[in-house]
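Inspection log for the structure reproduced underneath, given as structure tokens.
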Amino acid sequence: MTNIKGKWALVTGASRGIGYLAAKALAENGCNLVLQSRNVNNSGKILSEVKSLGAEAYAVAADLADPAQVKAMLAEIDKKGTPIEIVLNNAGVQVAYRTEFYETPESDFTASFQVNTTTPAMICYHYLPRMVEKGFGRIVNTTSGIALDVHQAGYSASKAALDKFTIDIGHKMQGTDVLINLFNPGWCRTDLGGPHAPNAPEFSVPGSIIGVLINDKKSGRCFDASHFAGMTPEQAVKHAEATTNSPY
């Protein structure tokens, strides 16, 4: 299992839901954290909790729907000299459920793709060259298991594009200690998943950090939370390395 003690991670969407739990799980494993939300005040609770676990941490703000704010956030992190070696692109948006799906507006696609595909790609492109130069890095992009559902077309398409992006870049990283993989949290009771989802947010852990802790030089995989629920991180890594292969 990869030792992440003292390493720095950027977690988007860290103030609530699955990102909040993933950030705590990283802190419990000794990781330091940069916590993104739309407003730094939103991150007060998670910031306090990860610091109480012994992590160094600070919050940054950016609306991930605005590329200029994403660039400014990355520049702020660089200016602080924070050596990001781990990225959890957790934040996402589901703009609408269209009962009359033939009337889906184009804005569903543009809004979904910006937050769910383009912004994660911007963050990956920013940090991947540094990871490659250093010889170590972990990126986990959060996807979705939604399939055959025409009512959420913008969301589904944007996550499918993120999958393709991750798998293609993963092929370039394969065999190195720079790993880029996907994580599917399943349907959880978060602000995005809604109150009727079958799983509590805690269902997502430890699956949300398997892509960080894995140590087998394989990329392009999708780690499904349901395969790891209830396991310790050590058990989950052992299970993942034995059962989850790259798609190449």
Looking only at region 201-248, which residues are among the small types (G, A, S), out of contact with any Gly (no Cβ under 6 Å at 6 or more places or on another chain) and in contact (Cβ under 8 Å) with a residue 60 or more places away in the chain? S204, S208, G211
May I ask you to list pairs of residues, at least six apart or on different chains, whose Cβ atoms are under 9 Å apart, with the first in region 54-65 being within 19 Å of G81 (Cβ to Cβ) and the second being among the aromatic types (F, W, Y) and open to solvent by 20 Å² or more (accessible area, probe 1.4 Å)? E56/W8
Counted residues in region 66-85 being in contact (Cβ under 8 Å) with a residue 60 or more places away in the chain and either assigned to a helix (DSSP H, G or I) or under 12 Å from A27 (Cβ atoms) (or both) come to 1
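Surrounded by 16 or more Cβ atoms within 10 Å (Cβ to Cβ) and modelled with pLDDT of 95 or more, is that true of S204?
Values: surrounded by 16 or more Cβ atoms within 10 Å (Cβ to Cβ): yes; modelled with pLDDT of 95 or more: no.
No, not satisfied.
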Identify all residues within region 85-127 that are of a type in the set (V, I, T), open to solvent by less than 50 Å² (accessible area, probe 1.4 Å) and closer than 24 Å to C222 by Cα; write none if there are none. I86, V87, V93, V115, T117, T119, I123
Checking T232, T190, T243, T176 in turn, the sole residue that is more than 23 Å from A14 (Cβ to Cβ), surrounded by fewer than 24 Cβ atoms within 10 Å (Cβ to Cβ), modelled with pLDDT under 95 and β-branched (V, I, T) turns out to be T243
Take the conditions open to solvent by 30 Å² or more (accessible area, probe 1.4 Å), within 16 Å of I123 (Cα to Cα) and out of contact with any strand residue (DSSP E or B) (no Cβ under 8 Å at 6 or more places or on another chain) and apply them to A75. Does it pass? yes
Search region 94-109 for residues that are more than 10 Å from G154 (Cα to Cα) and pair each with any residue that is modelled with pLDDT under 95 and part of a loop (DSSP other than H, G, I, E, B) when their beta-carbon atoms are under 8 Å apart and the residues are at least 6 apart or on different chains. none
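Output the residue which, of all residues in region 49-65 that are among the acidic types (D, E) and surrounded by 15 or more Cβ atoms within 10 Å (Cβ to Cβ), is farthest from G17 (Cα to Cα). Walk me through how you get there before you give the answer.
To start, the set of residues in region 49-65 that are among the acidic types (D, E) comprises 49, 56, 63.
Keeping just the survivors that are surrounded by 15 or more Cβ atoms within 10 Å (Cβ to Cβ) gives 49, 63.
Details: E49: 14, D63: 17 Å.
Residue satisfying both the conditions and the ranking: D63.
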Does K159 meet the test of being surrounded by fewer than 16 Cβ atoms within 10 Å (Cβ to Cβ), touching a Ser or Thr at 6+ places or on another chain (Cβ under 9 Å), at pLDDT 95 or above and not in a loop (DSSP other than H, G, I, E, B)? no
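Report the residue count in region 213-229 for those that are over 10 Å from M1 (Cβ atoms), open to solvent by 60 Å² or more (accessible area, probe 1.4 Å) and not in a helix (DSSP H, G or I).
Adding up the residues that qualify gives 2.
The values are calculated or read from the model by the stated rules, or taken from the named source; none is laboratory data. In this text, all values refer to a predicted model and were calculated from it rather than measured experimentally. Cβ coordinates were reconstructed from backbone atoms using ideal geometry, including for glycine residues, and neighbour counts include every protein chain displayed. Ligands, DNA and RNA are excluded from the accessible area calculation, which covers all protein heavy atoms including side chains. Shrake-Rupley method; radii C 1.70, N 1.55, O 1.52, S 1.80 Å.
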